[in-house]
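Trainee: Following this message is one structure expressed as structure tokens.
The values are calculated or read from the model by the stated rules, or taken from the named source; none is laboratory data. Computed from a predicted structure; not experimentally measured. Cβ coordinates were reconstructed from backbone atoms using ideal geometry, including for glycine residues, and neighbour counts include every protein chain displayed.
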Amino acid sequence: MAGDLESDFMPCCGQIIKQAVNGSGAVVRYAGAKLAGQETRCTPEQIAARMAVCMKCEFMSVSKDGTARFCNKCNCWMDGLMLHKAFLTTEDCPENKWPKL
């Protein structure tokens, strides 16, 4: 039934649901690390290294005008005001291209 339900909606609805689930998990991991007194923010060097991997990844999509980048695997936006998982020590790449720190 879930497959039928998803196919009845616009393709982006599945993406939005995945983003909500992934984002919720990231918030829980972040909060747990913060409460435990652990570092949650990557250094600028760590962020740059992660982003370099993402930008060469086969799952990265770029809008036609080149202003928006999006991972088709983890559903993470790589641009704009959203804090994406490359910034957080509690997050990793679902394809094991970079680990939690």
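Trainee: Among helices (runs of 4 or more DSSP H) lying entirely in region 1-81, which contain 1 or more residues that are within 18 Å of the chain's Cα centre (by Cα) and modelled with pLDDT of 80 or more? Give the derivation first.
Mentor: Numbers: elements: 2-8, 11-35, 44-56.
Answer list for region 1-81: 11-35, 44-56.
Trainee: Hey, another quick one. Since residue 88 meets every condition but one in (1) touching a residue at least 60 places away in the same chain (Cβ under 8 Å); (2) under 15 Å from residue 18 (Cβ atoms), which condition does it not meet?
Mentor: Every condition holds for residue 88 apart from (2).
Trainee: Sticking with this one: Given (1) closer than 20 Å to residue 14 by Cβ; (2) touching a strand residue (DSSP E or B) at 6+ places or on another chain (Cβ under 8 Å); (3) not acidic (Asp, Glu), identify the lone condition not met by residue 75.
Mentor: (2)
Trainee: Counting only residues that are touching a residue at least 12 places away in the same chain (Cβ under 8 Å) and surrounded by 13 or more Cβ atoms within 10 Å (Cβ to Cβ), how many does region 19-59 have?
Mentor: First, the residues of region 19-59 that are touching a residue at least 12 places away in the same chain (Cβ under 8 Å): 19, 22, 26, 29-30, 32-33, 38-42, 46-47, 49-51, 53-55, 57, 59.
Subsequent filtering for residues that are surrounded by 13 or more Cβ atoms within 10 Å (Cβ to Cβ) retains 19, 22, 26, 29-30, 33, 40-42, 46-47, 49-51, 53-54, 57, 59.
Residues meeting the conditions: 18.
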